[in-house]
Amino acid sequence: MFVLKIDLDSLNVLREISLKHFIEKKDLLADEYDHLVGISIYDINNKFPSLNVFFDIDGRGFISLIPEKPSKYMSSLYPLSLEENNDIEKLNNIYYNLALKYNKRISIKNTLSIFQSPFIIPSYYISGNEILIKKFLLSEKLKGKKYLSLYKDIDSELLDFILNSYNSWHLPDTFFYYNLNQVHIVFDIPKEINNTSLAIELGKLAKSYIINKYSFLSDSYKIPDMNIKKPVLMVLKTDVSNIKNIDILSIKKDIFDKINESYKYLLNVFK
């Protein structure tokens, strides 16, 4: 079961460093935008979500667990190299042990940056100053966005699945790639098919069939950051919150049954 215990009030050194950097750069920041300063702890190979601590100019803060590092999604200004200190060491240890719990081998890197609105912080988990969090939740609600507020749809069971399957071949022949508030699901070519080109063509037909049958799935493609070198059958995507309501193994069986049936039919036709 997922457990993340971080006392935000105990991170006084990081708060001091963050606010000092914030104040030093304040006159260089555009007044028409909002800003947060954030410390990111992340795996350089993106095999585990990043752990982030954000502060506003008043020192109010929150902790967020998000896919990738926030600079992938938001404007990141004036990055600062962080020297080793007790707070960073504490967060690194928490992050390392959390990843280890889910059997993830990671290489940790830390960065501090000032982030400029619009804020895109797709959060699997969040805790901290309730007033600051509610401010951003209201802003997202008014804009019809769902990034920070994503955590409301993610219970402990779903979060465990996300952390276990994060950017990996977690189920047989099935790779999960997490990005923003969505998950891309990659299906491998069935082992029974030894003609890759034909499998890919059949996959195109099967993808249309599956998307029409399951309205919560949509078209996707193999993203370079997935780091999958081999050909695959198809890639679909859905909102990450849908995972708890769908049977992915059943969908894969539906796809593979259609592909294998079509493959055998074509081989018989051209005998």
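Bear in mind that the values in this text are calculations on the coordinates, not laboratory data. From a predicted model like this one, the values you see are computed outputs, not experimental measurements. All Cβ positions, even for glycine, are placed from backbone atoms using ideal geometry, and neighbour counts span all protein chains on display.
Quick notes on this structure:
- The slack in the chain from VAL13 to LYS229, taken as 0.36 nm per residue of separation less the alpha-carbon distance, amounts to 73.5 nm.
- The order of the peptides 74-83, 209-218 by mean Cβ neighbours within 10 Å, most packed first, is 74-83, 209-218.
- Among the listed pairs LYS191/LYS213; LYS25/LYS72; LYS104/LYS229; LYS207/LYS253; LYS47/LYS101, those beyond 18 Å (Cα-Cα): LYS191/LYS213; LYS25/LYS72; LYS104/LYS229
- Backbone N atoms of the stretch 229-258 closer than 20 Å to the 7 Å Cα→Cβ label point of LEU4 belong to residues 239-244.
- In a fully extended conformation the segment linking ASP257 and VAL269 would gain 2.5 nm over its present Cα-Cα distance, using 0.36 nm per residue.
- Exposure proxy shown here: for ARG15, ARG105, the number of other Cβ atoms within 10 Å sets the order, fewest to most, as ARG105, ARG15.
- Burial ranking of peptide ranges 126-135, 1-10 (average Cβ count within 10 Å, highest at the top): 126-135, 1-10
- Taking the chain and dividing mean pair separation by its residue count, relative contact order in percent (alpha carbons under 8 Å, at least six apart): 16 percent
- Charging the Cβ of each Asp and Glu at -1 and of each Lys and Arg at +1, and nothing else, the dipole of the stretch 113-211 about its Cα centre rounds to 600 debye.
- Using C-alpha pairs below 8 Å separated by at least 6 residues, the relative contact order for the stretch 167-269 is 31 percent.
- Relative contact order, percent, the stretch 8-154 [alpha-carbon distance under 8 Å, six or more residues apart]: 28 percent
- The translational diffusion coefficient of the chain, from Stokes-Einstein at 25 °C and 0.890 mPa s with a Kirkwood hydrodynamic radius over alpha carbon pairs, comes to 120 µm²/s.
- Label-reachable residues, the stretch 93-122, where backbone N falls under 17 Å from a point 7 Å from SER168's Cα toward its Cβ: 95-108
- Ratio Rg/Rh, restricted to the stretch 167-269 and using Cα atoms, in which Rh is the Kirkwood radius: 0.95
- Measuring how big the stretch 1-144 is from its alpha-carbon positions, Rg and Dmax come out at 14.6, 45 Å.
- Projecting the Cα atoms of SER262, LEU158, ILE63 onto the dipole axis of the chain, where Lys and Arg carry +1 and Asp and Glu carry -1 at the beta carbon, places SER262 farthest toward the positive end.
- The label point for LYS143 and the one for ASP239, both projected 7 Å from the Cα toward the Cβ, are 1.8 nm apart.
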